[in-house]
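Presented below is the structure to which this report refers.
Only the coordinates and a few stated rules stand behind these numbers; no lab work does. From a predicted model like this one, the values you see are computed outputs, not experimental measurements. Every residue, glycine among them, receives a Cβ derived from its backbone with ideal geometry; neighbour counts consider all protein chains shown.
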């Protein structure tokens, strides 16, 4: 996820050709996860993105180079969540694609390499929506390493504060065909109104049988403790103040919002997947332990419209 548009992260210091430190942080975490003996996700492109930015030259990219190993709060511990999240969303998108969906949209794609590293069914198009300079940095690195996508990869330069739906349609998205949407690592940067607007835009572009997976942090755990070890180490080691970038509006109930928009929706705690993949369950008091994944599907038969106060939310 690269900080973008409605996220309200314009204060984040851009580096190099404009790629953000948050995007590089996630890429570095994926690179480290890829080198673990018990890795749940492998991304062989992640390290190339980090190496391409000179100011990140000292960041570890292999688990064996992480200071303190599993005791390191930034590159290990709760940060393993980033690898787990990658695996959960990888599995979901591939399941949907193998069931017949051939359009995938990565909203605020950042340095996500799913269009290159996953085994997509023939005929799949992966649309990557993000700011032009982020996609430009990404393309330069991929060109340098001779990367070849495993799907039809479609970069869509757009800011979420602008008319990104029109940019996506102009890039070839068909709103009459089912689409698999991924909103990963973005919702905590968006205002309450901005997140709801994003879900309305996605709904408007989604044909029946479309799916959406969304990562959320419940309002009951906000605001986050800026002194938490992960955040403190990020400030010290890589000069990123994540809590200052988050939006501190009360978090909406996105699962309920999607139901009101005509989707079926369920959510699961991220800790449930840790057990499935043999990881320690993140502490609810930690940085990521309370995060939830919302899985939504647009029915082929429209649901009855709600009336009354709930319909006005």
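Structural remarks
- For the stretch 217-279: rounded, prolate or oblate by the Cα gyration tensor [a/c cutoff 1.5]: oblate
- Model label points for residue 253 and residue 150, set 7 angstrom from Cα along the Cα-to-Cβ axis, are 3.9 nm apart.
- Computed from Cα atoms, the angle from the helix 80-98 axis to the main principal axis of the chain rounds to 40 degrees.
- Global form of the stretch 132-235, assessed from the alpha-carbon gyration tensor, a/c cut-off 1.5: oblate
- Here 92, 48 are placed in order of increasing Cβ neighbour count within 10 Å, fewest first, which gives 92, 48.
- Förster-model FRET efficiency, 35 Å R0, residue 38 and residue 301, C-beta, rounded to 0.05: 0.20
- Cα pair distances of the stretch 59-173 binned at 5 Å [whole percent]: 2, 11, 17, 18, 18, 16, 10, 6, 2, 0
- Where a label projected 7 Å from the Cα of residue 193 along Cα→Cβ would reach, residues of the stretch 228-255 with amide N under 19 Å: 246-254
- Between the Cα long axis of helix 229-238 and the first principal axis of the chain there is an angle of about 60°, rounded to the nearest 10.
- Share, in percent, of DSSP beta bridges within the chain that are antiparallel, nearest 5: 40 percent
- Principal-axis tilt of helix 132-144 within the chain, Cα atoms, nearest 10 degrees: 60 degrees
- Each of 25, 168 has some number of other Cβ atoms within 10 Å of its Cβ, and from fewest to most they run 168, 25.
- Counting neighbouring Cβ atoms within 10 Å and putting the fewest first, the residues 179, 150 line up as 150, 179.
- Label-point separation, residue 166 to residue 235 (7 Å along Cα→Cβ), nm: 4.2 nm
- Take the Cα of residue 177, step 7 Å toward its Cβ, do the same at residue 201, and the gap between the two points is 2.2 nm.
- Each stretch of four or more DSSP H residues adds -39500 (n - 2.57); spread over every residue of the chain, this sum gives -9500 deg cm²/dmol at 222 nm.
- Computed lengthening from residue 266 to residue 132, 0.36 nm per intervening residue step minus Cα-Cα distance: 44.9 nm
- Comparing 145, 96, 88 in a Gaussian network model of the chain, where Cα atoms under 10 Å apart are tied by springs, the biggest mean-square fluctuation is seen for 145.
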